[in-house]
Amino acid sequence: MLNLILFGPPGSGKGTQSSRVACRYNLVHLSSGELFREEVRKGTKLGYQLASYMLKGLLVPDNMVLKKIYKAAIHHEDTTGIVFDGFPRTVNQAVLLDRFLNKKNIPVSIVFFMMVDEKELISRMMGRAEDSGRLDDNEEVILRRMDVYEKQTRPLRDYYQKQNKLSCISGMAPVKVVAERISSVIDNYLMKKEIIKLVAE
Ligand code: AMP
């Protein structure tokens with residue numbers, strides 16, 4: 001299984017790139033934010049609780065996140081792989097995801113860290129706010145999300161660096177160029193895996 005994680009600050013293009021990668025390699029695209037927005041749209045009790053965090057730009061508590069993600073991952077157990085988009089977002093989530101996937105012998109393959117300048121991020125999100133329809137795309141919440149990212153999500157970089165799984169991608173280029181960069185890392189990974197398999201046989 002090819003399990004990928006894309007993470008980076010809000011507005012770094014992880015959603016766009018995740019769906020491109022999923023399409024190109026025939027993987028399941030699992031976006032935690034999208035799963036939560038769907039629940040909010042359904043108007044369930046859980047959706048109501050999720051919205052109370054999302055609208056403030058705060059992270060949803062881990063127990064609520066993990067329940068949703070595990071359920072979705074188990075539902076797609078027979079797939080060729082999963083692209084995790086927006087999850088994990090804390091080191092605790094990453095530790096628990098590792099535990100979950102390692103138990104199933106399907107560990108995380110590559111973690112892409114999307115790097116974009118702060119000025120560019122804010123301008124992208126303010127631009128997106130005009131037509132995204134997302135209630136958390138307004139200046140006050142955007143700034144809170146950036147702050148939450150710095151404090152709670154950025155530490156993932158060291159966590160995955162220590163595991164030798166981190167690939168830093170500059171997200172400043174056009175979408176197509178960034179997608180090519182990501183694909184070349186994946187192709188390299190798959191080629192190495194194939195060579196190791198051939199040598200072992
Ligand atoms: P996103 O679509 O990834 O920007 O996520 C939108 C919002 O959903 C975030 O601002 C959080 O409130 C919530 N959220 C998404 N993923 C997570 C996660 N892994 N952990 C906690 N909260 C999350």
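The values are calculated or read from the model by the stated rules, or taken from the named source; none is laboratory data. In this text the structure is predicted, and so the values were computed from the model without any measurement. Counting neighbours? That spans all protein chains shown, and the Cβs are built from the backbone with ideal geometry, glycine included. Just the protein is used for accessible areas: all its heavy atoms, side chains included, with ligands, DNA and RNA removed. Shrake-Rupley method; radii C 1.70, N 1.55, O 1.52, S 1.80 Å.
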- Message: Any residue at all in the range 116-130 that's under 26 Å from Leu2 (Cα atoms) and touching a residue at least 12 places away in the same chain (Cβ under 8 Å)?
- Response: yes
- Query: Among the residues of the range 136-143, is any at pLDDT 95 or above and either part of a helix (DSSP H, G or I) or more than 26 Å from Tyr48 (Cβ to Cβ) (or both)?
  - Reply: no
- Query: Which one of Ser31, Ser109 is within 14 Å of the ligand (Cβ to nearest atom), closer than 30 Å to Lys176 by Cα and of a type in the set (S, T, N, Q)?
  - Reply: Ser31
- Item | Among the candidates Gln152, Gln163, residue that is open to solvent by less than 90 Å² (accessible area, probe 1.4 Å) and over 19 Å from Val83 (Cβ atoms) | Gln152
- Matching residues in the range 1-18 (open to solvent by 20 Å² or more (accessible area, probe 1.4 Å) and either of a type in the set (A, V, I, L, M) or free of Cβ contacts under 8 Å to residues at least 60 places away in the same chain (or both)) number 1
- Task: Could you tell me whether any residue of the range 140-149 is within 17 Å of the chain's Cα centre (by Cα) and over 25 Å from Phe36 (Cβ atoms)?
- Result: no
- Task: Scan Lys45, Lys68, Lys14, Lys56 and give me the residue that is more than 23 Å from Ile142 (Cα to Cα), among the basic types (Lys, Arg) and within 10 Å of the ligand (Cβ to nearest atom).
- Result: Lys68
- Going through the range 151-178 one residue at a time, which ones are part of a helix (DSSP H, G or I) and free of Cβ contacts under 8 Å to residues at least 60 places away in the same chain? Lys151, Arg157, Asp158, Gln161, Lys162, Lys176, Val177
- Query: Which one is farthest from the ligand (Cβ to nearest atom), of the residues in the range 86-95 that are of a type outside the set (Val, Ile, Thr) and open to solvent by less than 40 Å² (accessible area, probe 1.4 Å)?
  - Reply: Ala94
- Query: Within the range 68-85, can one find any residue that is touching a residue at least 60 places away in the same chain (Cβ under 8 Å) and either closer than 18 Å to Pro155 by Cβ or open to solvent by 50 Å² or more (accessible area, probe 1.4 Å) (or both)?
  - Reply: yes
- For the range 169-194, name all the residues that are touching a strand residue (DSSP E or B) at 6+ places or on another chain (Cβ under 8 Å) and open to solvent by less than 60 Å² (accessible area, probe 1.4 Å). Ile169, Ser170, Gly171, Val178, Ile182, Val185, Ile186
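What residue, of Ser18, Ser52, is modelled with pLDDT of 95 or more, among the hydroxyl-bearing types (Ser, Thr, Tyr), out of contact with any strand residue (DSSP E or B) (no Cβ under 9 Å at 6 or more places or on another chain) and within 21 Å of Gln93 (Cα to Cα)?
Values: Ser18 fails: out of contact with any strand residue (DSSP E or B) (no Cβ under 9 Å at 6 or more places or on another chain).
Matching residue, one of Ser18, Ser52: Ser52.
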